[in-house]
1. Calculate one ³J(HN,Hα) per residue across the range 73-84 by plugging θ = phi - 60° into the Karplus curve 6.51 cos²θ - 1.76 cosθ + 1.60, and present them in order as whole Hz with x for glycine and proline.
2. If each residue's Cβ is checked for other Cβ atoms within 10 Å, how do VAL173, VAL93 rank with the fewest at the top?
3. Amide H neighbours of CYS165 under 5 Å, at least 5 residues apart or on other chains, H built in the peptide plane: list them.
4. What list of ³J(HN,Hα) couplings, whole Hz, do you get for the range 64-70 from phi and the Karplus terms 6.51, -1.76, 1.60, once you set θ to phi - 60° and write x for glycine and proline?
5. How long is the gain from ASN155 to GLN29 if the chain were fully straight, where each residue apart is worth 0.36 nm and the alpha carbon distance is subtracted?
6. State, to one decimal in nm², a quarter of the convex hull surface area for the C-alpha atoms of the range 124-206, i.e. the direction-averaged projected area.
7. Between ILE9 and SER100, how many nm apart are label points set 7 Å from Cα along the C-beta direction?
8. Pop a pseudo-label 7 angstrom from the Cα along the beta-carbon direction at both VAL172 and SER82 and give the gap in nm to one decimal.
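Any read-out appearing in this document is the output of simple, stated calculations on the displayed coordinates, not a laboratory observation. These figures come from a predicted structure and were not determined experimentally. Reconstructed Cβ throughout: ideal geometry from the backbone, glycine too, with neighbour counts over all protein chains shown.
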Amino acid sequence: MGQWVNRAILNEHGEIVEYQSVGRDITSQKEAEFKIAEAREATKRASKVATLAVIGGGIAHEINQPLNAIKVLAETILYLYSSGKEISFQEMVRNVTNISRQVDRIDSIVNHLRSFLKSRQSFEYVPCDMNQVVEKALSLVNNQVLSRRIKVIKNLSAELPVCGCFVRFEEVVVNLLMNSVQALEPCKQEYKEIIISTWVEDQRYI
């Protein structure tokens, strides 16, 4: 692969009297650029896989909680029915209502994950509240943080709207959180904390 640079030689009257062309072989340069691009893409894919693995573990934990609640409520109703014990209409409605709420919670979790995965390829820019971004990101990795006995302290300024892709902001915060968790992993002290702050500086949203 070659690259050519052409220029015109002018005489004292400004007339073109000659063209000069200089060529060089840029095959090695292009191959190097291609390999660098491949390496960056591989790193990007690995980062996405790692992020999804972390989120998947957290989502599984979050879903297990309402599932266990549904199981307990359903088994309670079945036990009362099979044992012949009376159950009031109000109690039955209360249990069924609780089951419905737990199903709604699972639906909300799944929809959040679906939105996160679907929007990873989206470049739609809309007004976003960075504090909501932080809260959503925390909900995805909360189990990973709690299982390591790390306390999260939030210092969030009021109303921090920015224009961008909500889920991409969320992905950045998730990665930052997990980097912090991994950095605290070797620490032996019992008390560990992560501080998340949002603020405005020089009219720029941080």
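1. Result, ordered by residue: 5, 5, 5, 5, 4, 5, 5, 5, 5, 6, 8, x Hz.
2. Numbers: VAL173 19, VAL93 10.
Least to most surrounded, the residues fall as VAL93, VAL173.
3. Result for CYS165 returns VAL126.
4. Result, rounded to whole Hz: 4, 4, x, 4, 5, 5, 4.
5. Working: separation 126, 0.36 × 126 = 45.36 nm, distance 4.79 nm.
My answer for the length gained is 40.6 nm.
6. Values: hull surface 22.7 nm².
Over all viewing directions, the range 124-206 projects a mean Cα-hull area of 5.7 nm².
7. Taking the two extended label points, one gets 9.0 nm.
8. According to this spin-label approximation, the distance is 5.4 nm.
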